[in-house]
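Worksheet: one structure, shown below.
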Amino acid sequence: MLDTILQAYKDAVYDTDKEAAFEVVDAALDQGVSPEDIVFKVVIPAVETMMAEITKDPDTNLAQHFMTAQIAAEVTEKMLAKFQHPPAIVGRIVIGTAAGDLHSLGKRIVSGCLKALMVEVFDIGVNVRPERFVEAALEHDAQVIAISAMMVHTATGEDGCRKVRELLREQGLEHRFRLVVGGAPYRFDNELYKSVGADAWAPDGVSAGKIIIDQILAVKPLEVKPS
Amino acid sequence: MTPLEILTAAVNGAPAPRIPVFCNLFDHGAGELGISAKEYFSRGENVAEGQLRLRARYGQDNVWSLFYVGKEAELFGCQDILFSDNGPPNVASFVINDYDDIAKLEVPEDITAHPAWAETGKCLDILRREVGATHPICAYVTASSTLPSILMGMEKWMELLLSGPADVRDELLRKCSDFFQKEVAAYRAGGANVLVYSTPFGSTSFVGAKRFREFSIPWMKRDLAPGGIGGIVYYCGMAPFNNVIDTVMDEFGIGAYYISPQADLAEAKAIIGPRALTCGVIDDIKMIHWTAEQTRAEVKRMCDIGKPGGHFLFGNGVMPLAVPEENIRAMVDSAMEFGATP
């Protein structure tokens, strides 16, 4: 039964049909499927499928990425409220857009996918000063600082990732936090992330889920309890 | 031949000494005049002077009447632009913050009478007077399906487009399309003759094939129908769109396509052939780290693909300020050299 539900849910997400995706979830609940199974056996596999599709099929599009994240985050939030016990979380990240950058779409897609993948996401907004990224990472005991930048000057400028790296170095925090970047400039120049001091980059919001989890596990392989 | 005649020859497939060479420089004007970005963009005279000086410095064929993309939001009442001396200005506060704002949104009756158009108008007047007879004057016009992203933010727009109330979405699109029709007419009347139609939702990198057919095409038709396709350049905000070129040609007959650096240029040229102008676009973000020789090699590669058979233009995206001056010079010079016809 779960295979059928998973396929129907994936079809709805692939068609960017949020209403249909929720109908699949509601019908599954009516059939007695547990909220835990909906998250771990439907939502998460669907996000993982989309990650794989993106790698294989360059024709996946922004609308699909957006709706994958949006639907996954909303379904997960709804199901979590019904869980018997809070689930183990994979890790924590702080995410924001670089100073001077007001483009929030990428950040939202990343956050949506990560929430569904049991990562605690602390969204610190747009136009974030480098100092704030570090403060927030310390405050939330995060493993990853994710910085989104849609413009070349905010991706490569002195107040972006470059400065966050410098602050981590100065404060002796490089062992505690990994830096991950994303946004249009990195897609056009795949080596750009290195020049700004990031540990990794993601070509799109959905793929960022796996890349960020890999970085979380590189810092903190142990399970952490929800805060 | 003048650059304008060279462009016309390329569009028509007529003989010319070389291909047209465009170099899009927007934020560089402030540095050229030695003033801040905020001051530079505050006056049409500055932008026109910046464009003329940059053209004289590098020798490209085109000049631009675009200040920054957020200018269109200003025509809808946006008064908060975030300026930077290191990159393009951005809309800092949106004119649509909730769906009720869409009902209140007003399309200016006469765009050219709107205070936010005044400086653009001055810039166009100067460019037309100084180089209008000899050089292409470019304008940037945002498609109705994309304009909401600068009025409410891309995030909120995607939400409304994909899962919001259809009547609210369509009301916004109608207003944006009405605005487009007026704006493109104003640019044409002002002397712009290369009208870059920015339509990222006209690429299947943004929406799937079904939504492209059922949503993007009808709204593009509404945008373009009254004014026609004269001077229109199909541009998807640097997203690839090779797979829809045939459809766009069949549906609209648009005569120029600004190909993404992430698309296969040879494939695009083969699809378009002599039917329209293929615009090869260099990846100017990579130019930040390239040497002049690497830039030159890439220009040669592109010209080798595009020049045979004519109907080819060389161009770039939105040149970042971080690109070294010698690379910009190498790009323009080598495009002139490798784009020359024997």
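The values are calculated or read from the model by the stated rules, or taken from the named source; none is laboratory data. Quantities reported herein were computed from a predicted structural model and do not represent experimental measurements. Positions of Cβ are backbone-derived with ideal geometry, glycine not excepted, and every protein chain shown enters the neighbour counts.
Selection of region B:53-71 for residues being of a type in the set (A, V, I, L, M, F, W, C), surrounded by 21 or more Cβ atoms within 10 Å (Cβ to Cβ) and part of a helix (DSSP H, G or I) yields only B:L54.
Of the residues B:G208, B:G228, the single one that is out of contact with any Lys or Arg (no Cβ under 9 Å at 6 or more places or on another chain) and modelled with pLDDT under 95 is B:G208. Residues in region B:72-101 that are away from chain A (no Cβ under 14 Å), surrounded by 20 or more Cβ atoms within 10 Å (Cβ to Cβ) and not in a loop (DSSP other than H, G, I, E, B): B:E72, B:E74. Condition check: over 30 Å from B:G50 (Cα atoms), small (G, A, S) and within 14 Å of chain A (Cβ to nearest Cβ). Does B:S149 satisfy that? It is false that B:S149 is over 30 Å from B:G50 (Cα atoms), small (G, A, S) and within 14 Å of chain A (Cβ to nearest Cβ). For the criterion of being in contact (Cβ under 8 Å) with a residue 24 or more places away in the chain, within 14 Å of chain B (Cβ to nearest Cβ) and farther than 15 Å from A:C113 by Cα, A:F66 fails.
If I go through region B:300-330 residue by residue, how many of them are in contact with a Lys or Arg (Cβ under 8 Å, 6 or more places away or on another chain) and of a type in the set (A, V, I, L, M, F, W, C)? Final tally of qualifying residues: 3.
For region B:238-265, the set of residues classified as buried (at least 20 other Cβ atoms within 10 Å of the Cβ) and on the phi > 0 side of the Ramachandran plot consists of B:M238 only.
Looking only at region A:105-133, filter to residues that are of a type in the set (V, I, T) and in contact (Cβ under 8 Å) with a residue 40 or more places away in the chain; which one of those is farthest from the other protein chains (Cβ to nearest Cβ)? Restricting to residues being of a type in the set (V, I, T) and in contact (Cβ under 8 Å) with a residue 40 or more places away in the chain, the top hit is A:V119. Selection of region A:12-49 for residues being within 13 Å of chain B (Cβ to nearest Cβ) and assigned to a helix (DSSP H, G or I) yields A:A12, A:V13, A:Y14, A:K18, A:E19, A:A20, A:A21, A:F22. Looking only at region A:197-214, residues that are at pLDDT below 95 and either in a strand (DSSP E or B) or of a type in the set (F, W, Y) (or both) come to 1 in all. Residue-level check: of (1) assigned to a helix (DSSP H, G or I); (2) more than 24 Å from B:L162 (Cα to Cα), A:C113 misses just (2).
Against the test of being surrounded by fewer than 18 Cβ atoms within 10 Å (Cβ to Cβ) and assigned to a helix (DSSP H, G or I), the options A:E158, A:E166 yield a single qualifying residue, A:E166.
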